[in-house]
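Nothing in this text is a laboratory measurement; each read-out follows from the coordinates by a stated rule. Every value quoted in this text rests on a predicted model; they were computed, and no experiment measured them. Here the Cβ is made from the backbone with ideal geometry for all residues, glycine too, and neighbour counts use every protein chain on show.
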Ligand code: ADP
Ligand code: MG
């Protein structure tokens, strides 16, 4: 149960004055459903205005407050702008311009002959000074006293700055004083205000201490919740798994394991032998060889007489894993089955029976493998590929699948910076595959302007004639709904059509809107070598392995993030042959875009690219509010995460060590914090454990 002290914050936004059904949708669009959300909807920046005696004292481009006398109204014919000519005390003339319906309010606020105080941005239009859509018009200077500095909030259609500022004020009024959950020494060292004060200040002015404090709260809540997961996991009884090595010894691997692979398997082996369930993340760049590590872990479970399951994020990957694993265990007698959402009827029944009876040792599949109707005889290890699509709460459900809590191995190919690893996987132990298998050649990466398309297609043609296969990636920046996607999809389809016209039936197309069967059929044609060219949107991003494909073309490469480009490029360079990656860029390139592509050329180290990506994106932020998509945070900026997360993490660990039940004074406050940031699953674990 949420502590009562927080109730005023969790009231629906509709309870605020002036929020009717009309505002509901605009607010929801911004994710503002409750009073709490509005209180935490911090300004993106502040406008600072300068009150000037006359226009001579102002700079073009500056936000000013100035007294003007209205001389004339000029309406334009048709849909043209409505202009008001006004004059300062020295006779300088300035045009105040309104477009569309705003003309009505302009006309009313600025009657001819009147003296008014106008706040807005001074621009130059031809020879004239101009203010377009002034922010405020008032009859007296004192009425604008509060407008010298004003917050600028993120808006959605139907909301205005004034409206949201007013809602923020109301939310602040309702927000209670809360006890301090931060460590007192830290508060003192950082000169941070208390929670309520920090919130109020953050809405009023750009104050680093207030912003940091609020960001820290969010980071601490997350770290605490993860620590509680960790502690609760430690206290659970899993099934210790000790393998005798008999199956692993029979594996038919065409290569020797790398040092990093051996080390990781050793770490996993150590975890599995414990009573407390393993909670480990295997982090390894694309191609670093995570599959065989996962297989070794699963074989330990089988050697110990138990079952293992491996979850893949997509149908394609599940099939590929299944095939790879089957090949590796050939002759060992280990039974591996595949289960996806598409298996129905008899086939599905027989797999379910095999799991229940224990004749199936390892199950590979999509989310279907953890459905309620799937019962295992003795599931002791769950492996999750591409963990970033799999949340903590899902994992807690999974824990109910075995008679005892299964050991858990998560794998990710997304090399993320250390601080973000801490943020997302802070509850886990980490094994890093930081060494690529030997014999990998550097991927020759080149940046080519789109204007040289003909050359690119020529090179592609020679590559295909030489018996090679290739990928051609078109951007689909946001897979999902919306106009952008429609355009992107159309572009991908058009590219497919033109490449097909040139290269014939050897070309296949894969994108997110295809039905699973169509997707699989196309992928199958490509991985079997029947199709030579795969045109795709980002669905090939994760895990596809076709060693004969050694050329990759990425169109509009500047639209992809570094991490994504790196993932895509990792599709090539998988065999012994030399691979090439062509990054096609548009005619115009932003500075960040240019930096990104240059970095791609410079290095192939995924962990380095991840750190640089963070720098590039973190550096551009002014205030802390920018949401950082790939982090679990809404308040903390990338920069704040880097700076404050390690502190929060240590602090959380100390607190749990001293007061694991969160029952002391600070512990109680920390519970409030967990509810405030809706990490209350952490608190629930506390009760259960
Ligand atoms: P990941 O899942 O980490 O991206 P995979 O497990 O798919 O990587 O391995 C990539 C490729 O490298 C596969 O073709 C695999 O057979 C091969 N491979 C894995 N380990 C080694 C090794 N130690 N030496 C040589 N090749 C390896
Ligand atoms: Mg993989």
With axes computed from alpha carbons, what is the tilt in degrees of helix 290-303 against the longest principal axis of the chain, rounded to the nearest 10 within 0 to 90? 50 degrees
Give me the percent relative contact order of region 46-152, please, defined on Cα pairs under 8 angstrom at least 6 residues apart. 30 percent
Out of all DSSP beta bridges with both ends in the chain, state the antiparallel percent to the nearest 5. 35 percent
What is the angle, in °, between the Cα long axis of helix 638-658 and the longest principal axis of the Cα atoms in the chain? Nearest 10 is fine, range 0 to 90. 60 degrees
What ranking of 139, 639 emerges when the number of other C-beta atoms within 10 Å of each C-beta is taken as an exposure proxy, fewest first? 139, 639
For 364, 546, what ranking results if the residue with the fewest other Cβ atoms within 10 Å of its Cβ goes first? 546, 364
Applying a 10 Å radius around every beta-carbon, put 565-572, 271-278 in order of their mean neighbour count, most first. 565-572, 271-278
May I ask you to order 54-62, 249-257 by the average number of other C-beta atoms within 10 Å around their residues, highest value first? 54-62, 249-257
Determine the percent antiparallel among the DSSP beta bridges restricted to region 46-152, to the nearest 5. 85 percent
Using just the helices of the chain, give the 222 nm mean residue ellipticity in deg cm²/dmol: DSSP H runs with n ≥ 4 each add -39,500 (n - 2.57), and the total is spread over all residues, rounded to 500. -12500 deg cm²/dmol
Taking the chain and dividing mean pair separation by its residue count, relative contact order in percent (alpha carbons under 8 Å, at least six apart): 14 percent
Residue exposure sequence - 99, 503, 677 - by fewest surrounding Cβ within 10 Å: 99, 503, 677
How large, in Å, is the chain by the Kirkwood hydrodynamic radius built from its alpha-carbon pairs? 29.0 Å
Hey, what angle do you get for helix 208-234 against the long axis of the chain, alpha-carbon based, 0 to 90 degrees rounded to 10? 20 degrees
